[in-house]
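**Q** Here you go, one structure.
The values are calculated or read from the model by the stated rules, or taken from the named source; none is laboratory data. Predicted model only: the values in this text are computed from it and were never measured. Because the Cβ atoms are built from the backbone with ideal geometry, glycine has one as well, and the counts that use them run over all protein chains shown. For the accessible areas, the whole protein counts, side chains as well, though only heavy atoms, and no ligand, DNA or RNA atoms are used. Shrake-Rupley method; radii C 1.70, N 1.55, O 1.52, S 1.80 Å.
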Amino acid sequence: MEKKRSVFGRLAALALAAVLLCSLVLSGCGSQPTGDETQTSDQPQQTAEGVNVNYGLSNPWDSLMPYYSVSGSNYSRIIYDKIYDRLAYVQPDGTCLPRAAEKWESTEDGHAIVFTLNQKAAFHDGTPVTAQHWVETFQLITDPACEILGKTALSCLTGTDDTGAAVAGETLGVEAVDDYTLKLSFKQPTIPEEFLVDKNRDIYVLPTYLLKDIPADQVVESDFWRKPIGSGPCKFVSEVSGSNLVLEANKDYQLGAPGFDTLTITVMDKSNLLTALISGDLDYYAFGGNVSEENKTVAEQAGFTVEEGTTPTNFYELMLNCATIDSVDLRQAINKALDKELLCQQSAGTRGTVTGSSILPDTPYSSPAVTGTYDPAGAEALVAKSGYDGKTFSLACTSQRASLAALVQQDLEAVGIKVEIETVDSATMFAGMSDGTYDMGLASHTPTTLPLWFTASRFTEENNIFHVPDLAPYTEMLSAVNEETDETNRIALVDEFEAYLTEEMPFIPLWFSNALHVHSKTVTGIDYAASSSCNENVWEWVKAQ
């Protein structure tokens, strides 16, 4: 079967969702701070200092140190995106636009990328950002003594081990060619756009001149992160940990000054975001002002424009614990028992596409969507063949997906598989899947255009989240894909790996869905879809006075 093809590959970090949902009633949103203290008022409001954008977030960030997000969640990344600068601005379709870097090119037969940096970039204290700051950032982050959680993003560089730590006696693959030319060297041939799509959201330049006197093993706990200085489009003003963050526009940002004075970010329950937007308590909320199918009409009746995204921004899967569901026949039975079309419709309406793969539809490595797998009779036969003893399996899900879990439970029990639903927060679910507490889990993720965006990080010794008893076949095939430079051969290797996944069924792909974006009435210039890539074009946002 013919497919559209192009070269992509490798790694996406495991998305563990943030904890501590802070449910705030609408009258409890934060306002502007004075000095080192945060004052509160009845609701977010335009401040005396100028124009304020009220921004909602349904989960808190867990650190302002951009390489130390305990959860590794997008809720932290969307905050880092504003305070710190990244090399590029990535669109959900894989397009990469300039940000800290004006341009980039591949050299040394794909083993190096040379970035030409924007000479107007500066830290918030006015210090120009140079290639040396990027080099020193990489040196700090890869220092084995620096106990940060973001090292693995740099494990692709020469001179690092598999954890991203610098190897003693080897040269780290980062070089300041001159003040505004940065060179990165890689262990394997790497396409610049592939690197940026995969790593951009986890790599930020730090003001290393302000950190030089802090021992590497004390950087993470430094007071610097209580009032951090970055080089992003917004400057830090104040924080109430886990609930409120106030930033001010960086009027000297190299891509342009944001069209507002302050940005107040408030954490509130997800169910309150649209209500707050309609009431005027919020101007916009992450990610992309997303709204459910059932609330689309509510938004439109309130006079808001609702736009459907053109690229899928959610991938749904049923995670399986292959240690407790150790029969391939039983895992295949679970796959056949699920009415994916009904599940997809219940979740995404007409915006969903049922799939048998984690590879994004209509992208270079994608196959036609797998439909018609619903086969209850076939599932019953496989249950009998598997020798299933009637054990009750646990199915973890968040409260927002309780109705979906009930449908999954119904489908499985119809073919004789007993399931008990456990409703937990997202972080608990992923932790429980990792440590083997749960047998199944309903999860969603933000996909990228890379064919291994989902699988590359989930079949490792450090993150064998599906508890596959023998990782060797997976790691060998993943390595083969990553090391192959010939496009035709690489396509064949991806197909081989996908066939193996379909045969072993360590997880069950369910569907992809496009987001519905509610447009702000008060802020113009928002690139709604791009927030799925954990970056927002705040330098182009304008809120009228």
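**Q** When both residues are 6+ apart or on different chains and their Cβ atoms are under 8 Å apart, which pairs have a first residue that lies in region 435-456 and is on the phi > 0 side of the Ramachandran plot, and a second that is at pLDDT 90 or above and in a loop (DSSP other than H, G, I, E, B)?
**A** GLY436/ASN321; GLY436/ALA323; GLY436/THR324; GLY436/HIS467
**Q** Still on this model: May I ask you to list the residues in region 258-292 that are assigned to a helix (DSSP H, G or I), within 23 Å of the chain's Cα centre (by Cα) and buried (at least 18 other Cβ atoms within 10 Å of the Cβ)? So that I can check it myself, show each step before the final result.
**A** Let us first name the residues in region 258-292 that are assigned to a helix (DSSP H, G or I), namely 270-279.
So of that shortlist, the ones also within 23 Å of the chain's Cα centre (by Cα) come out as 270-274.
Of everything in region 258-292, those that are assigned to a helix (DSSP H, G or I), within 23 Å of the chain's Cα centre (by Cα) and buried (at least 18 other Cβ atoms within 10 Å of the Cβ) turn out to be LYS270, ASN272, LEU273, LEU274.
**Q** Of everything in region 284-310 that's of a type in the set (D, E, K, R) and touching a residue at least 40 places away in the same chain (Cβ under 8 Å), which residue is nearest to GLN345 (Cα to Cα)? First the steps, then the outcome.
**A** Of region 284-310, the ones of a type in the set (D, E, K, R) are 293-294, 296, 300, 307-308.
Adding the requirement that they be touching a residue at least 40 places away in the same chain (Cβ under 8 Å) leaves 293, 296, 307-308.
Details: GLU293: 10, LYS296: 15, GLU307: 18, GLU308: 16 Å.
Filtering region 284-310 for residues that are of a type in the set (D, E, K, R) and touching a residue at least 40 places away in the same chain (Cβ under 8 Å), the one nearest to GLN345 (Cα to Cα) comes out as GLU293.
**Q** Tell me yes or no: at least one residue of region 195-212 is open to solvent by less than 20 Å² (accessible area, probe 1.4 Å), touching a His at 6+ places or on another chain (Cβ under 7 Å), polar (S, T, N, Q) and within 24 Å of TRP61 (Cβ to Cβ).
**A** Checking region 195-212: at least one residue is open to solvent by less than 20 Å² (accessible area, probe 1.4 Å), touching a His at 6+ places or on another chain (Cβ under 7 Å), polar (S, T, N, Q) and within 24 Å of TRP61 (Cβ to Cβ).
**Q** Just checking, how many residues over region 410-424 are closer than 21 Å to ALA384 by Cβ, open to solvent by 50 Å² or more (accessible area, probe 1.4 Å) and not aliphatic (A, V, I, L, M)?
**A** Filtering region 410-424 for residues closer than 21 Å to ALA384 by Cβ gives 410-419.
Next, from what is left, pick out any that are open to solvent by 50 Å² or more (accessible area, probe 1.4 Å): 410, 413-414, 418.
Next, only the ones that are not aliphatic (A, V, I, L, M) stay: 410, 413, 418.
The total comes to 3.
**Q** Within region 141-160, count every residue that is assigned to a loop (DSSP other than H, G, I, E, B), open to solvent by 40 Å² or more (accessible area, probe 1.4 Å) and modelled with pLDDT under 95.
**A** Residues in region 141-160 being assigned to a loop (DSSP other than H, G, I, E, B), open to solvent by 40 Å² or more (accessible area, probe 1.4 Å) and modelled with pLDDT under 95: 2 in total.
**Q** Still on this model: How many residues does region 359-386 contain that are open to solvent by less than 60 Å² (accessible area, probe 1.4 Å) and either at pLDDT 95 or above or among the acidic types (Asp, Glu) (or both)?
**A** Of the residues in that region, 7 qualify.
**Q** Out of the residues in region 425-439 that are over 18 Å from the mean Cα position of the chain (by Cα) and closer than 22 Å to LEU338 by Cα, state the one that is surrounded by the fewest Cβ atoms within 10 Å (Cβ to Cβ).
**A** So the residue we want is MET433.
**Q** Where in region 297-416 are there helices (runs of 4 or more DSSP H), lying fully within it, with 1 or more residues that are closer than 30 Å to TYR285 by Cβ and among the basic types (Lys, Arg)? Reasoning before the result, please.
**A** Values: elements: 328-337, 340-348, 376-386, 402-414.
Of the helices (runs of 4 or more DSSP H) lying wholly inside region 297-416, those with at least 1 residues that are closer than 30 Å to TYR285 by Cβ and among the basic types (Lys, Arg) span 340-348.
Per-residue answers, yes or no, for (1) open to solvent by 40 Å² or more (accessible area, probe 1.4 Å); (2) out of contact with any helix residue (DSSP H, G or I) (no Cβ under 7 Å at 6 or more places or on another chain); (3) hydrophobic (A, V, I, L, M, F, W, C); (4) more than 16 Å from PRO258 (Cα to Cα):
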position: ASP486; (1), (2), (3), (4): yes, yes, no, yes
position: ARG490; (1), (2), (3), (4): no, no, no, yes
position: THR502; (1), (2), (3), (4): yes, yes, no, yes
position: VAL523; (1), (2), (3), (4): no, yes, yes, no
position: ALA529; (1), (2), (3), (4): no, yes, yes, yes
position: GLU540; (1), (2), (3), (4): yes, yes, no, no
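**Q** Write out, first by first residue and then by second, each pair whose Cβ atoms fall under 6 Å of each other, whose residues are 6+ apart or on separate chains, and whose first residue, in region 166-189, is exposed (fewer than 15 other Cβ atoms within 10 Å of the Cβ) while the second is of a type in the set (D, E, K, R).
**A** Between residues of region 166-189 that are exposed (fewer than 15 other Cβ atoms within 10 Å of the Cβ) and residues that are of a type in the set (D, E, K, R), the close pairs are VAL167/ASP161; VAL177/LYS183.
**Q** Could you check, for region 479-492, whether at least one of its residues is touching a residue at least 60 places away in the same chain (Cβ under 8 Å), closer than 16 Å to THR190 by Cα and among the small types (Gly, Ala, Ser)?
**A** No, there is no match, as no residue in region 479-492 is touching a residue at least 60 places away in the same chain (Cβ under 8 Å), closer than 16 Å to THR190 by Cα and among the small types (Gly, Ala, Ser).
**Q** Considering region 213-251 alone, what residues qualify as being under 22 Å from TRP541 (Cα atoms), outside any loop (DSSP other than H, G, I, E, B), open to solvent by 10 Å² or more (accessible area, probe 1.4 Å) and of a type in the set (A, V, I, L, M, F, W, C)?
**A** Within region 213-251, PHE236, VAL237 meet the criteria.
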